[in-house]
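A quick write-up on the structure given underneath.
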Amino acid sequence: MTGLFLKERSEAQVGMGQIAVVTGEQIARSVLGSCIGVAVYDPRRAIGAMAHVVLPQSSGRAASPGKFADTAVSWMVDELTKLGADARKLTAKIAGGANMFNADGPFQIGKQNAEAVRAQLSALGIRLAAEHLGGVHGRKVTFWPKCGTYEIEAVGHAVVKI
Amino acid sequence: MNDTFCPTPTAVRWDLVFEPATRSASDALSKWTRGRVGLTLDEVRETSLDEVAAALPADEEPVTMVIVGVEGQAGGRLILAFDDTGVTELVALLLNRPVESSGHWGELEISALAETGNIFGSAYLNAMSQFVGARLLPSPPHIVRDYAAGAIEQAVVFQAVESDEILFCRTRLSGSAGGIGVTAFFVPTTDLLDVLRTSVSQRMSAGEASQ
């Protein structure tokens, strides 16, 4: 599945590699480890999308666009503009990229994911308004497109809204 | 019209490797917990990436996890996930003291949980080593209280790098009364998955040849 489009349900659970498009009062939720929850929205139109990005680069692989940073962000921009969002007003908030196993070594996938998402947002001219990245804990996140609020819960930490 | 014949693929008998590994870990944990923890193989699932989350518990409440890595080039993760009641009961049992739900874990409690992971991981990987004919060693256990979905997500990333299909194995508590609630997940890396697939295929071929 590429994108989740809600019609009657008010809440989308965004699984690995998925993207949910949400409008008005609808919300998108996800649980993140090393993945990045990328929320892109048009604050004036109350429309947005959340991608659950798993890996930094697609390297030409034909898979669900939500799986990779480079394909997820461009897919969301295309879809949101088709639905009436103003591409120049799109704003992003991102969270995730943890190292839950506290592992050393060169393959730090959470960090690589975060860098790839930032680079892709920058390349497409999307303003990154806030981020909540890294650490060794997973995150339970909720995104409201109507107000652009992105709420983050992590075990042992106070709830944060960015 | 194309006359190419496409044979129906034979289903991989994952139970050939995961049943004995689960039985071995279950026997070891049962001895360690005086019969209070036993595991039965629940499912071995090869699924698309976006369906992994659907296969996990949906309640999104934090659990206590004992995480054991598979050392060496092959790699993978074993994750024992206890709900709050289960982990409290387990610690009380292992330390021979009344059940208290203070939620505070000192060195002694962490050590008891780590030893549980060590016993589980050693037994599981010993059985798997015998099956594949190579040594698979457990890493020192890592104890964490967090969201199970987040940890499993991070474990499957190593397969996701190579493939859009993910294999993971889930075992759960056997149905004995008074048991401690625990779910175990095993997620191999792509390298270990290849080793397992080859061994299972060879065993299946040997079985067919002897029939």
Taking protein heavy atoms only, a 1.4 Å probe, and rounding to whole percent, the accessible area of region B:15-204 owed to carbon and sulfur comes out at 48 percent
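Counting Lys and Arg as +1 and Asp and Glu as -1, what is the net charge of the other residues whose Cβ lies under 10 Å from the Cβ of A:Ser58?
+1
Could you please report the charge total around A:Thr81, scoring K, R as +1 and D, E as -1 over all other residues with beta-carbon less than 11 angstrom from its beta-carbon? Show your work: numbers first, answer last.
Numbers: positive: A:Arg45, A:Lys82, A:Arg88, A:Lys89; negative: A:Asp42, A:Asp78, A:Glu79, A:Asp86.
Combined, the nearby Lys, Arg, Asp and Glu give 0.
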Quick one: if you take sqrt(5λ) for each eigenvalue of the C-alpha gyration tensor of region B:15-204, what semi-axes come out, biggest first, whole angstrom? 27, 18, 15
Any idea what angle helix A:69-82 forms with the longest principal axis of chain A, computed on alpha-carbon atoms, 0 to 90 degrees, nearest 10? 10 degrees
What's the angle, to the nearest 10 degrees (0 to 90), between helix A:109-123's Cα axis and the longest principal axis of chain A? 40 degrees
Could you report the buried accessible area between A and B, both sides summed, computed with a 1.4 Å probe and given in Å² to the nearest 100? 2500 Å²
Taking accessible area as the heavy-atom solvent-accessible surface of the protein chains with a 1.4 Å probe, which residues of region A:46-64 lose no less than 30 Å² upon going from the isolated chain to the full protein assembly? A:Leu55, A:Arg61
Assigned charges on the beta-carbon of Lys, Arg, Asp, Glu; the protein assembly as shown dipole about Cα centre (debye): 600 debye
What number, in percent, do you get for the relative contact order of region B:15-204 if the mean sequence gap of Cα pairs under 8 Å and at least 6 apart is divided by its residue count? 36 percent
Let me check I've understood the local charge: for B:Glu71, count other residues with C-beta under 13 angstrom from its C-beta, Lys and Arg +1, Asp and Glu -1. What total comes out? +1
Tell me, which residues of region B:64-81 get at least 30 Å² less accessible area when the other protein chains come in, versus the chain alone (1.4 Å probe)? B:Arg77
With all protein chains present, how much of the accessible area of chain A (probe radius 1.4 Å) comes from carbon and sulfur, to the nearest whole percent? 50 percent
Vicinal HN-Hα couplings computed from phi for region B:109-118 (Karplus, 6.51 cos²θ - 1.76 cosθ + 1.60; Hz; Gly/Pro x): 5, 4, 5, 5, 5, 4, 5, 4, x, 4
Any idea how far apart B:Gln202 and B:Ala11 come out in nm if each label point goes 7 Å out from Cα toward Cβ? 2.5 nm
Quick one: P(r) of region A:11-161 from all Cα-Cα pairs, 5 Å bins, percents rounded to integers, in order of increasing distance. 2, 11, 22, 24, 21, 13, 5, 2, 0
Determine the dipole magnitude for chain A: charges of +1 sit on the beta-carbon of Lys and Arg, -1 on that of Asp and Glu, nothing else is charged, the reference point is the Cα centre, and the result goes in debye to the nearest 20. 240 debye
Please report, to one decimal in angstroms, the Kirkwood hydrodynamic radius of the protein assembly as shown built from all distinct Cα-Cα pairs. 21.8 Å
Dipole magnitude (debye, nearest 20) for region B:15-204, charges at Cβ of Lys, Arg, Asp, Glu: 880 debye
Hey, rough spin-label estimate for B:His104 and B:Arg45, points 7 angstrom out along Cα→Cβ, what's it come to in nanometres? 3.8 nm
From phi via Karplus (6.51, -1.76, 1.60), per-residue ³J(HN,Hα) for region B:42-48 in Hz, x at Gly/Pro: 8, 7, 10, 10, 9, 9, 6
Solvent-accessible area per residue for the protein assembly as shown at a 1.4 Å probe radius, Å²? 45 Å²
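Out of all DSSP beta bridges in region A:11-161, what portion is antiparallel? Express it as a percent rounded to 5.
Antiparallel bridges: around 75 percent, rounded to the nearest 5.
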Of the candidates A:Ile47, A:Ala103, B:Trp14, the farthest towards the positive dipole end of the protein assembly as shown (Lys/Arg Cβ +1, Asp/Glu Cβ -1, centred on the Cα centre) is A:Ile47
Separation between the A:Glu115 and A:His157 pseudo-spin-labels, each 7 Å from Cα along Cα→Cβ, expressed in nm? 2.1 nm
For region A:30-112, take N as its residue count and report Rg(C-alpha) divided by 2.2 N^0.38 Å. 1.19
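The values are calculated or read from the model by the stated rules, or taken from the named source; none is laboratory data. Since we're looking at a predicted model, the values are computed, not measured. FYI the Cβ positions are ideal-geometry reconstructions off the backbone, even for glycines, and counts take in every protein chain you see. Keep in mind that these areas ignore ligands, DNA and RNA; they rest on the heavy atoms of the full protein, side chains included. Shrake-Rupley method; radii C 1.70, N 1.55, O 1.52, S 1.80 Å.
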